[in-house]
Amino acid sequence: MSESSKPRHGLSVGLTNYGDPDFALYLRRSFVRSMGYSLDMMSRPVIGIADTYSGFNNCHRGVPELVEAVKRGVLAAGGLPLTFPTVSLGEVFLSPTSLMFRNLMAMDTEEMIRAQPMDGVVLIGGCDKTVPAQLMGAVSANRPAINLVTGPMMTSRWHGERLGACTDCRRFWAKYRAGEVSNDEIQDIEGNLATTQGTCAVMGTASTMASIAETLGMILPGTAAIPAVHADRLRAAEATGRAAMRLALEKITPDKIVTPKSVENAIRVLMAIGGSTNAVLHLTAVAGRAGIDIDMKHLNEISDSTPVLVDLKPTGPHYMEDLFAAGGIGAVLRELKPLLNLDCLTVAGETLGERLERPMGPVDRDVIKPLSEPLLPYGGLVSLFGSLAPKGAIFKRSAADPNLFEREGRAVVFNSLEDLSARIDDPDLDVTPDDFLVLQNAGPLSPSGMPEAGYLPIPGKLARAGIKDMVRISDARMSGTAYGSIVLHVTPDAASGGPLAKVRNGDRIRLSVKERRIDLLVAEDELARRPTSAPPVPERGYAQLYRREILQADRGCDFNFLRKQPLGEGRV
Ligand code: FES
């Protein structure tokens, strides 16, 4: 039998095509031998490990240690671990915004899984966009895959107060803007906000996506909340390596794990943890890779039937390390058990129901409330519809002032991020606390690529007068660590000519969270007279691809051609 006709796994699969498979295998093996591997190692199943360490990603500082622990697990289970680099996205290092590069990382991840000879893959991620990008890539490549998150940072102390990135970053910056914190103090605080490796310490996007990955079944049970510096994190990495081998041998692929039922579970947990608004985009994109469309009206139904159970910042006083000590996402899932689809398979090789049948450790009720006594009787996020957002907008009701939920206000419009930064602190800005701040051209199709700019600062003169919250509306996103009465992801966005582009200073806007509506109270004939203009198409490269293919927020801002079922002509 020629080499090419033998059953294939590991380094024998996916050969380079020279028109002679036996030669291709012989060449590959000789080059693998140049790396010093024994014949025993070369005959084993291969587990790829996506190494996302980067000097531009503080949240992934611990990845090298995790890689070593994963390798241990793979070797112990009889496999050959081989690392490979992919794009890594450090949230605060990317311009104009990390979201613009999430799809690039997803493409990189998908293509490298598919192009290289691996029987299974471990995807190590953590910082905001990395976990969704890896989930998107894994679902599309559909080879046995398991995620491993880097874990959250520990908190620090400043003048006796606990500090953790990044709700406290914003809280103290707001105080600084209001003149309540001095120059020296803000510098001191800056040095104490993020003091360990790992992802942001609160229920921001990274923690939310880790929780969602655990609920979907794509990371090992009990591993979402383990702090980055805890020894359990390394044990989880070793176990992930072993699990990857089992997935590879049993050929358990992501399409068996990411299903309509597990996606519904993930939405429910998103609501129960008071998770980040960004997660709606990311989960929509991940689901789209599996051919699952998330209906924003169904999201509202799930929100209305799912209480908030987890009391973490930005809505509560606690941090991720407290959630870990309190019982982790497993304890949340156990509370939600009557509401979950229990027959969903996980990367542990068991169903969610089987997982939840195991005995439960103690639960700290300060952090994780029982289903019978929730923090809030309904979920943290709702989608709004109306004449200002015909295809929807997102509002985080668990992180907002209920006094602002039912209001009509006068629009104070900023037509770009540049306009916002130029005028927001102008003492002559015509603005009152009852006005609605409106930011245009910060959506997916805008040159800024939908940054986390939806948390518009309170105008300087109002901040100094003690105003802490106002209604703010935009097509931008908001950091999962932020708090405020903020309408986000207005769809269609202004750059694509949506109604948001037509708002003018002085227009009246009505917000009703109860009715799930956001309406621009301007007559249609008047709106028809107001011009809009599309931004120029970039001349080359990824920016041009991005502009051509990016979908709106209701489709998760994925590229159309990467969806399992691309949308037809005339899509928005
Ligand atoms: Fe990486 Fe917040 S900056 S998770």
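Normalised radius of gyration for the stretch 208-320, please: alpha carbon Rg relative to 2.2 N^0.38 Å, two decimal places. Relative to the 2.2 N^0.38 Å estimate, the stretch 208-320 comes out at 1.15.
As I understand it, the value is the acute angle between the Cα axis of helix 63-76 and the longest principal axis of the Cα atoms of the chain; what does it come to in degrees, rounded to 10? The two axes meet at around 30 degrees.
Extension gain, PHE561-HIS159: 0.36 nm per intervening residue step, less the Cα-Cα distance, totals 139.5 nm.
Treating the angle as unsigned and between 0 and 90°, give the value, to the nearest 10°, between the Cα long axis of helix 167-177 and the longest Cα principal axis of the chain. Approximately 30 degrees, to the nearest 10.
Extension gain for ARG114-MET35 works out to 26.2 nm (0.36 nm per residue, less the C-alpha to C-alpha distance). The equivalent ellipsoid of the stretch 399-541 has semi-axes of 23, 18, 15 Å, largest first, where each one is the square root of 5 times an eigenvalue of the Cα gyration tensor.
Remark: the chain carries 38 Å² of accessible area per residue (probe radius 1.4 Å; ligands, DNA and RNA excluded). Once the cut-off is 24 Å, how many percent of the Cα-Cα pairs in the stretch 1-156 end up in the long-distance tail? Every Cα pair in the stretch 1-156 considered, those over 24 Å come to 39 percent. The angle between the Cα long axis of helix 205-216 and the longest principal axis of the Cα atoms of the chain comes to about 50 degrees, rounded to the nearest 10.
Protein-only accessible surface at a 1.4 angstrom probe places the residues LEU283, LEU342 in the order LEU342, LEU283, largest first. Tell me, what is a quarter of the convex hull surface for the C-alpha atoms of the chain, in nm² with one decimal? Average projection, Cα convex hull of the chain: 27.5 nm². As a fraction of the 1.4 Å probe accessible area of the stretch 159-278, surface on carbon and sulfur atoms comes out at 50 percent. The amide H of THR150, built 1.01 Å from its N in the peptide plane, has GLY125, GLY126 as neighbours under 5 Å, considering only residues 5 or more places off or on other chains. What ³J(HN,Hα) values, in whole Hz, does the Karplus curve 6.51 cos²θ - 1.76 cosθ + 1.60 give for the stretch 128-142 when θ = phi - 60°, with x put for Gly and Pro? In residue order, the calculated couplings are 2, 8, 6, 5, x, 4, 5, 5, 4, x, 5, 5, 5, 5, 6 Hz.
Put a dot 7 Å past the Cα of GLN544, heading toward its Cβ, do the same for GLU301, and the two dots end up 4.4 nm apart. Solvent-free Debye calculation, one equal scatterer per alpha-carbon of the stretch 424-464: log10 I(q)/I(0) at 0.19, 0.24, 0.31, 0.33 Å⁻¹ equals -0.64, -0.84, -1.06, -1.14.
Counting only protein heavy atoms and a 1.4 Å probe, tell me what percentage of the stretch 523-572's accessible area is made up of carbon and sulfur.
49 percent
The values are calculated or read from the model by the stated rules, or taken from the named source; none is laboratory data. It should be emphasised that the depicted structure is a prediction, and the values quoted were computed from it without experimental measurement. Ideal geometry is used to build each Cβ from the backbone, glycine not excepted, and the neighbour counts take in all protein chains shown. Accessible surface is based on the protein model in full, side chains and every heavy atom, while ligands, DNA and RNA are left aside. Shrake-Rupley method; radii C 1.70, N 1.55, O 1.52, S 1.80 Å.
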